[in-house]
Every structure is written in C-alpha cells, then in structure tokens.
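**Student:** I'd like to ask you about the structure that follows.
The values are calculated or read from the model by the stated rules, or taken from the named source; none is laboratory data. The structure displayed is predicted, hence computed values, not measured ones. With ideal geometry, Cβ positions are generated from the backbone for all residues, glycine too; neighbour counts draw on all protein chains shown. SASA here: full protein model, heavy atoms, side chains in, ligands and nucleic acids out. Shrake-Rupley method; radii C 1.70, N 1.55, O 1.52, S 1.80 Å.
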Amino acid sequence: MRNSLKYFWPVLAFLVSAFVADPAFAQAEAPGASEALERALDDVSGDGQPLSTTLQILIVMGLLTILPSIVLMMTSFTRIIIVLSILRHALGLQQTPPNQVLIGLSLFLSLFVMAPSIEKINEQAITPYSADEITLTEAIERSGTVMHGFMAKQTRQSDLRLFMDLANEDGFETMEEVPFSIMLPAFVTSELKTAFQIGFMIFLPFLIIDLVVAAVLMALGMMMLSPVIISMPFKLLLFVLVDGWALTMGSLAASFAS
C-alpha cells in the first residue's frame, strides 16, 4: 500500500505545482522555509522517514478536493464546455444533449488536447520519479513548468498585462518568469473570451434561421405560433447536413495553440 501511494504522488504533482513552482511564492518565503519544504517532500517521497499510510491517505483525499478546480482552471476544459453549452442553446435545445453528455464530451476532448502536456509530465516527472532518479520536489517543479507552458501559449498578452498591472508588476523578460498567481487568472480570462468569440460565430447561422422563420410567420399572420417550434427542425437539419458535431469538435481541438 505504501509503495502504491509513493507512485500516486506524481500524478497529483500538478495540483500543488502552482504553489511550489511559483517564482513569486519562492521569493516570498521566509529564510529556510524552502529547505524545510523540500525536506518534507523528500520525506514523503521515501528519501527520509516516510509518513504513515493513514496520513498519506488523508493528504491525498485533501488534494483530491481541489482536483475539479484544477481541471477547470488549468486545462482546455473551460473553453470546450462553454462552447458546447452555447451550441446547445443556439440549436434551441434546453436539455439535449444532457449536461452529463456535454461534460463527458468536454472531459475527453480536454484529455485529447492535453495529451502532449500529459506525455511531457509523464516523461519528465512521473517516470524519473518512479525510477528514483529525482525527488518529489523536482517532479512537482517539472510538472508545474509543463502546465505553465501550456497556459502561456493560450493566454493573451492584454489579459496578462491586466493582471500584471493589478499585481503592481512592471514586467518579466520571459513568459517562464510569470508566476502562477498572475498566469492563472490571465489564462482563465483569455479562455472565457475565446469561448464567447467562438460561441458568437456558432450562434450567427442559427440566429439567421430564427429571423427568417419569424419574418415568414409574421408575413403569414401566424403571430400566435412560436417561431422556435418551426425553426428548430431547420436548425437541426442544417447542423446535420454540415456534420456539425465533427466540425465543432475538430475546430475546438484546433483552436488551441500547440
């Protein structure tokens, strides 16, 4: 049990990478705090006296409580789920596909988009740590670097500048120097903006269909008939004819900078 927990720690490395690998966090620590943290992590990794199995399980369960937030805020999940939700409303469908299906699609498409980053974390952090070539501290730092690089590619400079100004930071020579405390909110803001831009483009053709149907019904004097009921079959037909799901999923996956 203890050995299995040892290999489970790197899987959760990115959960705390935002705090351990953050340059600002490292600079703000009191003298000797960094060494104490490293010694504590080394103890957990097995180089020193390991923690008891019960305490390790408690720590793991505590980290798992913030896993949904990490998945939402540090991966491609946010952009994908928002676009799919807007698509459902554009089609005029309230509960089809159901929320569980949309979340499942978003999750597995996020895994597809994040596959290169996951492979890097496995090669640079998990595999060396499993082979006892690096300590847990190094594994966490390497995992944080990979996640930081992914977010930096998706973040707009304007959003990054906004949070740098709010944090009273003059600037950084490279993107690698930007701390997670600034990168995370800038990344989320950029993802929200991109998601709504894509959603707007998806909404336009369906909005045109609604306007045409409403104009025809008004011309025929059928003002009591809801245009939504008439336009929905036409929107579904258009979406099927253009192979909308494949087009949407492919466009979403391609929208992330590699």
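**Student:** Can you go through G144, G149 and tell me which one is closer than 15 Å to S117 by Cβ and crowded, with 16+ Cβ neighbours inside 10 Å?
**Tutor:** Of the residues listed, the single one that is closer than 15 Å to S117 by Cβ and crowded, with 16+ Cβ neighbours inside 10 Å is G144.
**Student:** With T155, T137 as the choices, which residue is at pLDDT 85 or above, among the β-branched types (V, I, T) and open to solvent by less than 20 Å² (accessible area, probe 1.4 Å)?
**Tutor:** Answer to the check: T155.
**Student:** Moving on. Among what's in segment 160-203 and is assigned to a loop (DSSP other than H, G, I, E, B) and free of Cβ contacts under 8 Å to residues at least 24 places away in the same chain, pick the residue that is most open to solvent (accessible area, probe 1.4 Å).
**Tutor:** Selected residue: E173.
**Student:** For F108, state whether it is open to solvent by 20 Å² or more (accessible area, probe 1.4 Å), over 25 Å from L204 (Cβ atoms), part of a helix (DSSP H, G or I) and in contact (Cβ under 8 Å) with a residue 12 or more places away in the chain.
**Tutor:** Criteria not met by F108.
**Student:** Please find, within segment 234-258, the residue that is most open to solvent (accessible area, probe 1.4 Å) out of those that are in a loop (DSSP other than H, G, I, E, B) and touching a helix residue (DSSP H, G or I) at 6+ places or on another chain (Cβ under 6 Å).
**Tutor:** Looking at the filtered set, the residue picked out is A257.
**Student:** Can you find, within segment 114-131, the residue that is surrounded by the most Cβ atoms within 10 Å (Cβ to Cβ) among those that are farther than 22 Å from Q154 by Cα and touching a residue at least 40 places away in the same chain (Cβ under 8 Å)?
**Tutor:** Only one residue tops the list, namely A125.
**Student:** Tell me yes or no: at least one residue of segment 219-233 is β-branched (V, I, T) and surrounded by 12 or more Cβ atoms within 10 Å (Cβ to Cβ).
**Tutor:** yes
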